[in-house]
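S.K.: First, the structure itself, so that you have it in front of you.
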Amino acid sequence: MLKPEMKISAKKEQSAGTRNALIMTGARLFASKGYHAVSVRELTSEAGVNLATVSYHFGGKSGLYEAIFRYIITRHDEITPSAEEVRKRWAASPDTPQGKCEVVDWYVSTLVHGLIGPEYHIWACILLSHEITQPTELFPLLEKEFFKPAQAGLLAFVDGALPPGTDREERVITAQIVINMCLKFLESERLISKWIGWDQYGEYGINKIATVISKRIRGMLGLPME
């Protein structure tokens, strides 16, 4: 027979597992179908949990939606490099074209793998894109806790690559070019895979995409492409 404290621990683990299953399932369904097209019954059926668990853990569907974004915020540094990490890379890199190319390759590879690598990151990025184009009441939270830190990382990246004294307008626009080049491959996986002849991106495809984007970004920044 289990001791009382072991029963409590097992119950907590089960509860955490249920909560996590709902967050992962919710992210996938909301990203692929849209918030309003997903019912609580479908959520719980797909997650393999009781119908009442959404209300129990999150207070309802809207609470689950918010919890998904709060979880995404905690994974920020896995999706896009932090400004602190980017600045460390630039500080440790030789101030030469080759040194700059190495930082560009690292940054783009990290960004591409973060955006279109793990399946959950794909759903997360689609949901974040929805919030940019169709903001909800959660947008201020996301702007503060996710979008601004992501933008800071992008600006830290372009600041290290662009000539000193480049004005803010050019820096911000360049940063958006970088992120948008990567996001297009997230949004168009089926078409791009079909055109190339891949079944899906897979590890080979993601590495190839990162390599080609990095080469083009180096050229855009006036660095050697080979």
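Read-outs: derived from the displayed coordinates by stated rules, not from any lab. In this text, all values refer to a predicted model and were calculated from it rather than measured experimentally. FYI the Cβ positions are ideal-geometry reconstructions off the backbone, even for glycines, and counts take in every protein chain you see.
S.K.: Which residue fluctuates the most in the chain, going by a Gaussian network model with Cα springs under 10 Å, if the choices are 137, 46, 85?
M.R.: Highest fluctuation among the options: 137.
S.K.: May I pose another question? When the chain is fully extended, how far beyond the present Cα-Cα distance does residue 91 get from residue 162, taking 0.36 nm per residue of separation? Please list the in-between numbers first.
M.R.: Values: separation 71, 0.36 × 71 = 25.56 nm, distance 1.46 nm.
That pair, residue 91 and residue 162, stretches by 24.1 nm at full extension.
S.K.: Cα gyration tensor of the chain, axes a ≥ b ≥ c as square roots of the eigenvalues: rounded (a/c below 1.5), prolate (a/b > b/c) or oblate? Mind showing how you got there, number by number?
M.R.: Numbers: a/c = 2.14, a/b = 1.93, b/c = 1.11.
Prolate, since a/c reaches 1.5 and a/b exceeds b/c.
S.K.: I've got another one for you. Hey, what do the phi angles of segment 195-209 turn into as Karplus ³J(HN,Hα) couplings, whole Hz, using 6.51/-1.76/1.60 and θ = phi - 60°, x for Gly and Pro?
M.R.: Whole-Hz 3J(HN,Hα) from phi for segment 195-209: 5, 7, x, 8, 6, 7, 4, x, 5, 4, x, 5, 5, 5, 4.
S.K.: Select from 202, 114, 26 the residue whose mean-square fluctuation is largest in a Gaussian network model of the chain (Cα-Cα springs shorter than 10 Å).
M.R.: Comparing 202, 114, 26 in the GNM, the peak value goes to 202.
S.K.: Sticking with this structure for a sec: Considering the dipole of the chain built from charges on the beta carbon (Lys and Arg +1, Asp and Glu -1) around the Cα centre, which of 213, 182, 146 is farthest to its positive end?
M.R.: Positive-end residue among those listed: 146.
S.K.: Also, I was wondering about something else. What does the charge dipole of the chain about its Cα centre add up to, to the nearest 20 debye, if the Cβ of each Lys and Arg holds +1 and the Cβ of each Asp and Glu holds -1?
M.R.: Numbers: 26 positive and 26 negative charges, 108 e Å.
The calculated dipole for the chain is roughly 520 debye.
S.K.: Using Cα centres only, tell me the gap between segment 66-142 and segment 175-226 in whole Å.
M.R.: First find each Cα centre; the distance between them is then 15 Å.
S.K.: Give the shape of segment 97-226 as rounded, prolate or oblate, defined through the alpha-carbon gyration tensor: a ≥ b ≥ c are the square roots of its eigenvalues, a/c under 1.5 means rounded, and otherwise the shape is prolate if a/b is larger than b/c and oblate if not. Please report the intermediate quantities before stating the final value.
M.R.: Values: a/c = 2.15, a/b = 1.06, b/c = 2.02.
The shape class here is oblate.
S.K.: Positive end of the dipole of the chain, charges at C-beta (+1 Lys, Arg; -1 Asp, Glu), about the Cα centre: which of 97, 24, 156 has its Cα farthest in that direction?
M.R.: Farthest along the dipole direction, towards plus: 24.
S.K.: Still on this model: I want to check the label-to-label distance for residue 192 and residue 144. Put each point 7 Å from Cα in the C-beta direction and report it in nm to one decimal.
M.R.: Inter-label distance under the simple model: 3.4 nm.
S.K.: Using Cα pairs under 8 angstrom and six or more residues apart, how large is the relative contact order of segment 75-173, in percent?
M.R.: 43 percent
S.K.: Continuing with the same structure: Work out the FRET efficiency for residue 171 and residue 102 from their Cβ-Cβ distance, taking R0 = 22 Å, and round it to the nearest 0.05.
M.R.: Values: r = 21 Å, r/R0 = 0.95.
Efficiency, rounded to the nearest 0.05: 0.55.
S.K.: Go ahead and set up a Gaussian network model of the chain, Cα springs under 10 Å, then flag whichever of 40, 112, 178 fluctuates most.
M.R.: Maximum fluctuation in the GNM of the chain, among the listed residues, is at 40.
S.K.: Could you tell me the calculated FRET efficiency between residue 33 and residue 136, based on Cβ-Cβ distance and R0 = 22 angstrom, to the nearest 0.05?
M.R.: Details: r = 16 Å, r/R0 = 0.72.
Result of the calculation: an efficiency of 0.90.
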